[in-house]
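Please read the structure below before turning to the comments.
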Amino acid sequence: MIKVPALRVALASVLVAACASGSAAVLADTRVVTCAYSWGGGMELHCGDPEAEAALRAGMLTAEQAREAGCPGLLAAEPAPSADPGPTAYIGMDPPSGSPLPPRGTDPAVTARVNAAWDTIERWLAAHASATLRKLSAPASPRDIEGWERALGMRIPDALYVSLMRHDGADGNFGAGFRLPLDLGLAGLSSYSSLHDYNCIDLIMAGVEEDADPDDGFWHGSLLPFASSGGGEELFIDPRTGRVGQKSGGRLRYDGPMSWRSYPDLLEGVAAALESGGPLREWYPTVTAGCELRWADRPAASPPSGCAGGPRPSPTP
């Protein structure tokens, strides 16, 4: 069982001036107020300063605009009645009950492609980078996936579903244990929620309605992020088309160096690069002295010896 935090807290700073004029006297009266904002069942601001809260709210998307941007349920309609954010709650993932839920049906061709790519990736890691192989997580449970979909109101595309049934991401922050180029970690199911909400909150706080464009905007809540560098670079799937897009420099793009026609194409590209030693777009596979997979901008020498090994032990039921 996994749990999705319903309440997260972050900080924002807002400049509050005594009046609208730009005079030096006014600048002397300008102050910085730090506000905490939490979300989960409705975003709430806690500034301890009504003027600062009003200034932030005036620049945010409205609840209706947030819904239209695919980010419903994150924005409280009214200011919080108390500065106390209250206890952390958990939503979405119910504990298993009764018999295990079987995997849902997926497109056979997609399933075959994803599994074949993972077979190649795992085989290469076992021979050359076993430390990375051991950092790949166990499969996600169908019940957890169903719970995530119910909580977020989104359906995970078949290709990503099949991949989760192989590995629910990897160890480390946002799956840093298995890195793609640009230091993009293979995130797990629980991180999908965080990445989705972080992007939605940034979109809401920026307050620019036109930025909620899934084609070339800042973000849209219909997109499903699955890989992150932890520093602003992300990969996501557009469920409308199955394309893998890249969020880079605060914008969405589908022509970036790590954009792909589909998720299976991405996995097959990784598998082919590992098997051949050739490039994955601009990057070549390499192996560290600690037997971990990395990517470099030029071909590497032969992998270090002594890096063969098996996967992590299967979890005890």
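The values are calculated or read from the model by the stated rules, or taken from the named source; none is laboratory data. In this text the structure is predicted, and so the values were computed from the model without any measurement. All Cβ positions, even for glycine, are placed from backbone atoms using ideal geometry, and neighbour counts span all protein chains on display.
Residues being buried (at least 22 other Cβ atoms within 10 Å of the Cβ) and over 16 Å from the mean Cα position of the chain (by Cα) are represented in region 162-180 by at least one member.
Of Ala138, Ala170, all but one fail to be within 17 Å of Ser314 (Cβ to Cβ) and touching an Asp or Glu at 6+ places or on another chain (Cβ under 7 Å); the exception is Ala138. Report yes if Asp238 is out of contact with any helix residue (DSSP H, G or I) (no Cβ under 6 Å at 6 or more places or on another chain), surrounded by 18 or more Cβ atoms within 10 Å (Cβ to Cβ) and without any contact (Cβ under 8 Å) to a residue 40 or more places away in the chain, otherwise no. Yes; evaluated as a whole, the condition is true for this residue.
Against the test of being farther than 30 Å from Val208 by Cα, among the acidic types (Asp, Glu) and crowded, with 19+ Cβ neighbours inside 10 Å, the options Glu292, Glu282, Glu268, Glu275 yield a single qualifying residue, Glu292. Cβ-Cβ contacts under 9 Å between residues 6 or more apart (or on different chains), taken from a first residue in region 189-201 that is outside the structural domain of Ser229 (by TED's automatic domain parsing) and under 21 Å from Met165 (Cα atoms) to a second residue that is surrounded by 22 or more Cβ atoms within 10 Å (Cβ to Cβ) and modelled with pLDDT under 90, are absent.
Quick check, is Val287 β-branched (Val, Ile, Thr) and more than 18 Å from Ala117 (Cβ to Cβ)? When the stated conditions are applied, Val287 passes them. No other residue among Asp211, Asp255 is assigned by TED's automatic domain parsing to the domain that holds Leu136, free of Cβ contacts under 8 Å to residues at least 24 places away in the same chain, farther than 30 Å from Thr288 by Cβ and buried (at least 17 other Cβ atoms within 10 Å of the Cβ) apart from Asp211. Annotation note: of Ala151, Ala159, Ala170, the sole residue that is within 26 Å of Leu184 (Cβ to Cβ), touching a Ser or Thr at 6+ places or on another chain (Cβ under 8 Å), among the aliphatic types (A, V, I, L, M) and at pLDDT below 95 is Ala151.
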